[in-house]
1. With every protein chain present, what is the per residue accessible area of segment 140-234 (1.4 Å probe, Å²)?
2. Would segment 213-316 count as rounded, prolate or oblate if I go by the C-alpha gyration tensor, calling it rounded below 1.5 in a/c and otherwise prolate when a/b exceeds b/c, oblate otherwise?
3. Taking Cα atoms of segment 154-199, Rg/Rh with Kirkwood Rh, to two decimals?
4. Please name whichever of 347, 309, 274 sits farthest to the positive end of the charge dipole of segment 259-392, dipole taken about the Cα centre and charges placed at Cβ: Lys and Arg +1, Asp and Glu -1.
5. Once the other residues with Cβ under 11 Å from the Cβ of residue 77 are scored (Lys, Arg +1; Asp, Glu -1), what is the net sum?
6. Over what distance in Å are the Cα centres of segment 177-211 and segment 61-127 separated?
7. In the full protein assembly as shown, how much of residue 294 is accessible to a 1.4 Å probe, in Å² to the nearest 10?
8. If contacts are Cα pairs under 8 angstrom and at least 6 residues apart, what is the relative contact order of segment 322-394 in percent?
Amino acid sequence: MKCTQRRDASATFLASRPALCQIGPMQTQRQTRREFIRLASLAAAGAPLLSSWPSRAGAVDPDRKIGFALCGLGGLSTGLLAPALQTTRHCRLAGIVTGTPAKAASWKAKYNIPDKNIYNYQTMVNMADNPDIDVVYVVTPNALHAESAVKAAKAGKHVLSEKPMEVSVEKCKQMIDACKAANRLLAIGYRNRFEPHTIECIRLAREKVFGPVKSIEASFGFGIGTPNQWRLKHDLSGGGALMDVGIYALQTARYISGEEPVEVSAKETKTDPVKFKEVDETMAFLLKFPDGVIASCRTTFAGGGLNSYTVHAEKGAFGLGPAYGYGGVRGQRSDGQPLAFPEVNQFAAEMEDFSLCILNHKPTIVPGEEGLRDVKIMMAIYEAAKSGQPVKME
Ligand code: NAD
């Protein structure tokens, strides 16, 4: 399908979903020169945000690198975070926290990590004496985030915690309180807040380029695979698809509307009650915002194909699909204009931004309070699904 402007552009846009037009290099070339230069610089690995947010770079010493310790060396740390840290300008992999001695040995060899920067979950309290480590990036199962985050803050380290922030409002508050008491920054790993298509969609919504936003549809899901993993165990995950990936759809509803929901309703369903005995398999949820905007969201662990959002505004629509992956994000606007940007390493961008916040003494756009808000809403979604009644948000 050709992405051209039509009289009823909005209808064309909707009809093209989910087979979104592929936006390729030709359309990128049609962007204005200024925009192209800005975005091309975004794509440069290692400094994805320096040019987009020059104020954040400030007068930072170009040689100063914030030392990160990755805490929990599972799939995300191994496959994405450690490699991303090799590409960044203002941060570096300085240390690790692991409960597995074999991993300590292999990471030490691969990344040249000195013994003094290798900790386990008990010894990490001793980091207080280690100036090599500025940040502890908590990448353990959801229900273990607070434990390590509080230890890190008490040791005087800034904390970056993976999403979801934790499994209860109380535990999120513990993390916020510990970082406040230690006067350290706390951020949540909402990587796609640093992804250029996402940033552009937020701009389109804020600047009302298509008029006021009226409704939002957002979905993210995948097939979870083997049944014996922590994501399916409630005590470690705090919930299933919603906690793991539905949170991205929830985030979209909040950052696009720019508001907090006043009411949530939800319906959960299982096609495999044995595998999903402890956690939600598929969840549909509705968020009602103060000005009447409604967000209709879906998430699942049952299979692929849910990975997009559409924002319906008064004079048109825009959105992304795929929206939430590590790469390959594609955008579309109902007026036929391109919504296409070079790909960035979202994890490198997220860690680089946190480092610049530390170096420049600036607040993060993804603070602990943001993670807490999501957890509070997800708890209300679970309550609504259980009771079958809408839940009012305070
Ligand atoms: P994983 O299972 O691959 O790794 C978890 C790590 O925690 C392992 O190294 C494991 O040894 C360690 N661990 C410590 N105590 C444990 C315990 N009691 N039980 C199980 N493991 C324990 O998980 P992952 O995919 O790396 O996810 C870790 C965190 O990162 C989660 O909070 C997840 O939501 C988040 N995550 C975020 C993204 C993203 O795109 N931002 C992607 C993947 C995962």
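The values are calculated or read from the model by the stated rules, or taken from the named source; none is laboratory data. Note that the structure is a prediction, hence the values are computed from the model and not measured. Note that each Cβ is placed from the backbone with ideal geometry, even for glycine, and that neighbours are counted across all protein chains shown. Note: areas computed on protein heavy atoms with side chains; ligands, DNA, RNA excluded. Shrake-Rupley method; radii C 1.70, N 1.55, O 1.52, S 1.80 Å.
1. Details: 3570 Å² over 95 residues.
Per-residue accessible area for segment 140-234 comes out at 38 Å².
2. Numbers: a/c = 2.65, a/b = 2.11, b/c = 1.26.
It is prolate, given that a/c is not under 1.5 and a/b is the larger ratio.
3. Working: Rg = 12.3 Å, Rh = 11.6 Å.
Radius of gyration over Kirkwood radius for segment 154-199 works out to 1.06.
4. Of 347, 309, 274, it is 274.
5. On the way: positive: 103; negative: 162.
With Lys, Arg at +1 and Asp, Glu at -1, the net is 0.
6. 25
7. Residue 294 has an accessible surface of roughly 70 Å² with all protein chains in place.
8. Working: 35 pairs, mean separation 10.0, N = 73.
Reported as a whole number, the value is 14 percent.
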